[in-house]
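Here is the structure we will look at.
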């Protein structure tokens, strides 16, 4: 049984817009999954099926092996938390603390439990000092953290992030990557995210789905996907600079190991230089 | 609900002779029909003109190849606004008659008069014909075309720009509302959920409304700033390109207008 599974999931919006076409997607426990693809590929539409915001036109959306029904949709939303791209859509309470408390309160938890969860979520994202602040006085990066805290306070098993790095400064992106990478190991969570920052995919994901025009056109490990530059080019994406550079060097006859993350690349280059010396 | 907003123009995006017709002509024909039925002085002749204009409407609707149910559904939506006023008339006297004949007596001394029923039915004919032409216009013409047509016909640019932005921002606003609603659903909030305290739900709905107001205001400010950056000032307006009428369109317009005017005048003069 998979945590999340779609079987030939197809979604057609009003006006006969085919947003998803026979999508087969699987998420396992403690995995880190990236969904990449150009604008309008259907990533957000797919995510909205994960917690029953959208219903399949045909095909199945299974959460822990069960389809989403009216009876279990609350459970599903507790289980799968989605952080949307624009934090402003998500933050509507007068203060940060109240906004983070919004989800747990809706779950019908008692006051102490809600307070405890708010405390944990704020601490996890390091934003305890923002507690009393009003949302429209926060910076973009702070808003993003508040939005994530609001979802984490519901203690989901699956965290879905739609374009989590959009609009963040480099430090904000680095913090986010470090934070997200802690979740599977420390909390046993599954993280699914979409991004256009392809250099982050290797840093944040173990498995990659490539989407284009509502279909999954490729899937595999980071290695398997990034060794297909033609596929990425066809889907308006590109191989990130590090593997691209290493590939060029290899094609010019330099003996160097393929690498995708910064740390691995550093090691490859040092090895290659060491061999030359 | 709000999702229906995106489908509001689905009929206007279809293809037919009537759809292709220049929006100016459709606008003027609808206006002519409404002016004709409203201007005809009060008498039973309104029935005759009403029948003639309604026949014209049916012919145009058939040409537009839209389903009759589309018309009926829109009519039913608009009817309550007029029906209340019209229905009320059968109980009261009006200045067009001197003698009133009671045809029914209800409790509390309320009486229904034959003359008042006639008055109400004439009102109904005027109302239905006017509304039908508006429905025809709105079901076969895109909002943007309507604004451009009004601009080409000489509506001042202050109005066309404002109307154009209104149409644009209705959809921006609907999008904003849709996203907030999705975010609330994601965190299991349902304003009708009885397991949550009433006051809490009321608070949250209040915050949502407040958020939408603040964000609309901010959006307005951002848009205005970017308009200024692109040289918006007293002389700015909506760009409306030239669009000459085709010969067929002119002929159709002349014929339809002549038909409406002639039938009105003839019915009016006919003893």
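The values are calculated or read from the model by the stated rules, or taken from the named source; none is laboratory data. If you're wondering where the values come from, they're calculated on a predicted model, not measured in any experiment. FYI the Cβ positions are ideal-geometry reconstructions off the backbone, even for glycines, and counts take in every protein chain you see.
If you go through region B:85-96, how many residues are surrounded by 11 or more Cβ atoms within 10 Å (Cβ to Cβ) and out of contact with any strand residue (DSSP E or B) (no Cβ under 8 Å at 6 or more places or on another chain)?
Result for region B:85-96: 8.
Looking at (1) more than 10 Å from chain A (Cβ to nearest Cβ); (2) surrounded by 13 or more Cβ atoms within 10 Å (Cβ to Cβ); (3) free of Cβ contacts under 8 Å to residues at least 12 places away in the same chain, which is the only condition residue B:219 fails?
(3)
When you go through A:200, A:183 one by one, which is the residue that is in contact with a strand residue (DSSP E or B) (Cβ under 9 Å, 6 or more places away or on another chain) and surrounded by 21 or more Cβ atoms within 10 Å (Cβ to Cβ)?
A:200
Filter region A:131-144 down to residues that are closer than 19 Å to residue A:173 by Cβ and touching a helix residue (DSSP H, G or I) at 6+ places or on another chain (Cβ under 8 Å) and give me whichever is surrounded by the most Cβ atoms within 10 Å (Cβ to Cβ).
Here is the first cut: in region A:131-144, the residues closer than 19 Å to residue A:173 by Cβ are A:138-144.
With touching a helix residue (DSSP H, G or I) at 6+ places or on another chain (Cβ under 8 Å) added as a condition, the list becomes A:138, A:140-144.
Working: A:138: 19, A:140: 14, A:141: 17, A:142: 18, A:143: 21, A:144: 27.
It comes out as A:144.
For region B:164-171, state whether one or more residues are over 30 Å from residue A:153 (Cβ atoms), within 14 Å of chain A (Cβ to nearest Cβ), loosely packed, with under 14 Cβ neighbours inside 10 Å and in contact with a helix residue (DSSP H, G or I) (Cβ under 8 Å, 6 or more places away or on another chain).
There is at least one residue in region B:164-171 that is over 30 Å from residue A:153 (Cβ atoms), within 14 Å of chain A (Cβ to nearest Cβ), loosely packed, with under 14 Cβ neighbours inside 10 Å and in contact with a helix residue (DSSP H, G or I) (Cβ under 8 Å, 6 or more places away or on another chain).
Identify the residue in region A:76-98 that is more than 9 Å from chain B (Cβ to nearest Cβ) and modelled with pLDDT under 90 and, among all such residues, is surrounded by the fewest Cβ atoms within 10 Å (Cβ to Cβ).
Among those that are more than 9 Å from chain B (Cβ to nearest Cβ) and modelled with pLDDT under 90, it is A:95.
Restricting region A:125-158 to residues that are part of a helix (DSSP H, G or I) and without any contact (Cβ under 8 Å) to a residue 40 or more places away in the chain, which is nearest to residue B:198 (Cα to Cα)?
A:136
Can you pull out the helices (runs of 4 or more DSSP H) entirely within region B:1-103 that have at least 2 residues that are without any contact (Cβ under 8 Å) to a residue 12 or more places away in the chain and under 17 Å from residue B:119 (Cβ atoms)?
Ranges flagged: B:68-89.
Criterion first (under 26 Å from residue A:48 (Cα atoms) and either in a loop (DSSP other than H, G, I, E, B) or more than 14 Å from chain B (Cβ to nearest Cβ) (or both)) does residue A:119 satisfy it?
Judged against the criteria, residue A:119 is not a match.
From the list B:253, B:177, B:189, pick out the single residue that is within 11 Å of another protein chain (Cβ to nearest Cβ), touching a residue at least 60 places away in the same chain (Cβ under 8 Å) and either touching a helix residue (DSSP H, G or I) at 6+ places or on another chain (Cβ under 6 Å) or more than 30 Å from residue B:33 (Cβ to Cβ) (or both).
B:177
Test each condition in (1) without any contact (Cβ under 8 Å) to a residue 24 or more places away in the chain; (2) within 14 Å of another protein chain (Cβ to nearest Cβ); (3) surrounded by 19 or more Cβ atoms within 10 Å (Cβ to Cβ) for residue A:73 and report the one that comes out false.
(3) is the only condition that residue A:73 fails.
Check off (1) touching a helix residue (DSSP H, G or I) at 6+ places or on another chain (Cβ under 6 Å); (2) loosely packed, with under 15 Cβ neighbours inside 10 Å for residue A:242 and give me the number that stays unchecked.
(2)
Got at least one residue in region B:137-157 being farther than 28 Å from residue B:61 by Cα and at pLDDT below 85? Quick ask: steps written out before the conclusion?
From region B:137-157, those farther than 28 Å from residue B:61 by Cα are B:156-157; that's our starting set.
Checking which are at pLDDT below 85 leaves us with B:157.
Within region B:137-157, one or more residues are farther than 28 Å from residue B:61 by Cα and at pLDDT below 85.
If the requirement is being buried (at least 17 other Cβ atoms within 10 Å of the Cβ), assigned to a helix (DSSP H, G or I) and touching a helix residue (DSSP H, G or I) at 6+ places or on another chain (Cβ under 8 Å), which of these qualifies: B:115, B:145?
Details: B:115 fails: touching a helix residue (DSSP H, G or I) at 6+ places or on another chain (Cβ under 8 Å).
Every option except B:145 fails the conditions.
Could you pull out the residue among B:163, B:192, B:196, B:136 that is under 15 Å from the mean Cα position of the chain (by Cα) and either outside any helix (DSSP H, G or I) or within 25 Å of residue B:216 (Cβ to Cβ) (or both)?
The unique qualifying residue is B:163.
With respect to residue A:115, is the statement that it is free of Cβ contacts under 8 Å to residues at least 40 places away in the same chain and within 22 Å of residue B:190 (Cα to Cα) true?
For residue A:115, the condition - free of Cβ contacts under 8 Å to residues at least 40 places away in the same chain and within 22 Å of residue B:190 (Cα to Cα) - is met.
Mind listing whichever residues of region B:12-27 are closer than 24 Å to residue A:15 by Cα and either away from chain A (no Cβ under 14 Å) or buried (at least 20 other Cβ atoms within 10 Å of the Cβ) (or both)?
B:15, B:16, B:17, B:18, B:19, B:20, B:21, B:23
Cβ contacts < 8 Å: first residue closer than 10 Å to residue B:33 by Cα, restricted to region B:256-271; second residue surrounded by fewer than 16 Cβ atoms within 10 Å (Cβ to Cβ), any location; separation 6+ or different chain. Result?
B:264/B:39
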